[in-house]
1. Tell me which residues, restricted to the range 175-199, are part of a loop (DSSP other than H, G, I, E, B) and surrounded by fewer than 24 Cβ atoms within 10 Å (Cβ to Cβ).
2. Looking at the structure I just gave you, is G120 crowded, with 20+ Cβ neighbours inside 10 Å and either under 24 Å from E168 (Cα atoms) or at pLDDT 95 or above (or both)?
3. Do any helices (runs of 4 or more DSSP H) lying entirely in the range 60-172 carry at least 2 residues that are among the small types (G, A, S) and under 19 Å from the mean Cα position of the chain (by Cα), and which ones are they?
4. Looking at the range 202-257, which of the residues that are part of a loop (DSSP other than H, G, I, E, B), at pLDDT 85 or above and of a type in the set (V, I, T) is surrounded by the most Cβ atoms within 10 Å (Cβ to Cβ)?
5. Give me a count of the residues in the range 258-289 that are among the aromatic types (F, W, Y) and surrounded by 15 or more Cβ atoms within 10 Å (Cβ to Cβ).
6. Kindly indicate whether H297 is loosely packed, with under 15 Cβ neighbours inside 10 Å, modelled with pLDDT under 95 and in a helix (DSSP H, G or I).
Amino acid sequence: MSDLVEGRLVRIEPRAFTVDVDGREIPCSLKPKLFTPDRRAKTPVAVGDRVKIRIEGERGVIDEVLPRRNALLRPGGRGKAEVQITAVNVDQLLIVVATKDPPPRAGLIDRYLIASERNGMDAVLVINKCDQGVSDELRAALASYEAMGYAVCLTSALERSGIDALIERLRDKTSLFVGHSGVGKSSLLNAIDPTLQLATGGLAKHGRGRHTTTSVSLTRLACGGHLIDSPGIRAFGLHDIPKGELALLMPDLRPYASDCKYSDCSHDHEPGCALRAAVERGEVPRSRYDGYVRILHSLDGGDGGDEDDEGPTLGD
């Protein structure tokens, strides 16, 4: 019997799992013991997992999943107990939005930033399609994210502007690209590494993007590091975040939330709330607090939010 070798899961397809072992991609199956009754995910593995496999000819069997550093999770949907694992063992989350088409939604951006804080991932806000113009209002909104400590990259895949700076951020890291459909993510990735040759698409008639990426995959970049590309989404829900922790995961609200009389304060209605007092004093913008409350209330539904509560366009 062959010895176990370590590799990295790079692609999941229906009943097919591809593992990279020292540059060799090996199609694998899963050992039945990995399917334990207490798992809430559809499969016990995710793209980015470090695994041990037993090679049998041209194929392999995944025998063990090594401990994960982190995981980007989202609820399985209304009424579903399962969770969806987008990717694991990620260094940084790159949140891609367009300047106008489709419009950048503050709620979606904030949900991804909250997830990155919860999972110990760096976050980079990538504004694509800057060739269509960047309004003063949008620049002001982006400056507020920079003041929180988040990196912001202005790019245009069409004009290749900002691409070199983005490549430097990707070097020697595992980066997960996320965002709405239609923001030009595939075009941006092709500009970063032309060997990817990803299919691209525009906006559909309803103004939302067409899905051109249909599954999550991990690719080694020519510049060094690894890219995890994920399908464009309509909405992103937060998974398993207690209400008392939500404000602590938002850097600009954290200092005020930490000063509250009650450690489990939701900052929605409790007396003596330091965060609401800061809003009344004008130290926290009302629009920022309103965005927090929308996300807070969305946690009640169990799906962490949907496309109807993503809030105003960024910069409005």
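1. Taking the range 175-199 as the starting set, the residues that turn out to be part of a loop (DSSP other than H, G, I, E, B) are 179, 181-184, 193, 197-199.
Listed by number, the residues that qualify are S181, G182, D193, Q197, L198, A199.
2. No, not satisfied.
3. Here the list reads 106-119.
4. Restricting to residues being part of a loop (DSSP other than H, G, I, E, B), at pLDDT 85 or above and of a type in the set (V, I, T), the top hit is V216.
5. Within the range 258-289, the first condition is being among the aromatic types (F, W, Y), and the residues that meet it are 262, 289.
Of the ones still in play, those that are also surrounded by 15 or more Cβ atoms within 10 Å (Cβ to Cβ) are 289.
The number of residues fulfilling the criteria is 1.
6. In short, yes.
The values are calculated or read from the model by the stated rules, or taken from the named source; none is laboratory data. None of these values were measured; they are calculated from a predicted model. Don't worry about glycine lacking a Cβ; one is built from the backbone with ideal geometry, like all the others, and counts go over all protein chains shown.
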